[in-house]
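Okay, structure first, notes after.
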Amino acid sequence: AQRVTQPEKLLSVFKGAPVELKCNYSYSGSPELFWYVQYSRQRLQLLLRHISRESIKGFTADLNKGETSFHLKKPFAQEEDSAMYYCALRGYSGGSNYKLTFGKGTLLTVNP
Amino acid sequence: KAGVTQTPRYLIKTRGQQVTLSCSPISGHRSVSWYQQTPGQGLQFLFEYFSETQRNKGNFPGRFSGRQFSNSRSEMNVSTLELGDSALYLCASRKGENTEAFFGQGTRLTVV
């Protein structure tokens, strides 16, 4: 079974402060992890995926298989980072599989 | 290029009725996935179609069904609507394996 847990429903920080959105997963195989973001009145969009190992908009996320975590981090939060963030997992069960399992999301608010 | 288009954007139906939602993927994308988003359950996978074939299905009752046409457009149908079916239904398309999924803006279904 695939499971993604985002323990914080709400996270509020001040502009310029570091931010970390937590994500833990459960999957017996080798997963692919993603972070999706949804800004107000916009569609859900991919922020980053672990296999790319890139930094998007200053955000990074490292897959820690030992702790089964994929936390999203940014050293200096900006007001425009305020959005809903979803962690998602894609597991492979033989053949092709594009079922994305999402966490319930964390609403990040960056205060001025 | 045009994004994923879902129609209609809003829909109000009565319990017991059925509804059909439509999704037009990005041109060239052959995979379409459907998700249900509710405040309580978050984003849940419904099913995925690729080249007119259903490849994966989530844990939803048989009242939820879908299909994909030769032009990759997809429809999902919900029969015998229940109040609990009220949700935002999201469609995502992708070009192929290991490619990014692009989401539509969703259809907001309200069952009264």
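Restricting A:Leu44, A:Leu100, A:Leu108, A:Leu89 to residues that are within 9 Å of another protein chain (Cβ to nearest Cβ), crowded, with 16+ Cβ neighbours inside 10 Å, touching a residue at least 60 places away in the same chain (Cβ under 8 Å) and of a type outside the set (S, T, N, Q) narrows the list to A:Leu100. If the condition is being under 27 Å from B:Gln6 (Cβ atoms), touching a Phe, Trp or Tyr at 6+ places or on another chain (Cβ under 7 Å) and at pLDDT 95 or above, then region A:1-20 contributes only A:Val4. The residue of region B:32-52 that is surrounded by the most Cβ atoms within 10 Å (Cβ to Cβ), among those that are outside any strand (DSSP E or B) and more than 10 Å from chain A (Cβ to nearest Cβ), is B:Glu52.
Note on region B:64-74: residues that are touching an Asp or Glu at 6+ places or on another chain (Cβ under 8 Å) and either in a loop (DSSP other than H, G, I, E, B) or of a type in the set (Asp, Glu) (or both) total 2. Applying the set (1) among the aromatic types (Phe, Trp, Tyr); (2) exposed (fewer than 14 other Cβ atoms within 10 Å of the Cβ); (3) within 11 Å of another protein chain (Cβ to nearest Cβ) to B:Phe69 leaves exactly one unmet item: (3). Residues that are buried (at least 17 other Cβ atoms within 10 Å of the Cβ), at pLDDT 90 or above and within 22 Å of A:Pro18 (Cα to Cα) do occur in region A:54-61, at least one of them.
B:Arg55 satisfies every condition listed in (1) part of a strand (DSSP E or B); (2) more than 8 Å from every other protein chain (Cβ to nearest Cβ); (3) surrounded by fewer than 19 Cβ atoms within 10 Å (Cβ to Cβ) except (2).
The values are calculated or read from the model by the stated rules, or taken from the named source; none is laboratory data. Quantities reported herein were computed from a predicted structural model and do not represent experimental measurements. Every residue, glycine among them, receives a Cβ derived from its backbone with ideal geometry; neighbour counts consider all protein chains shown.
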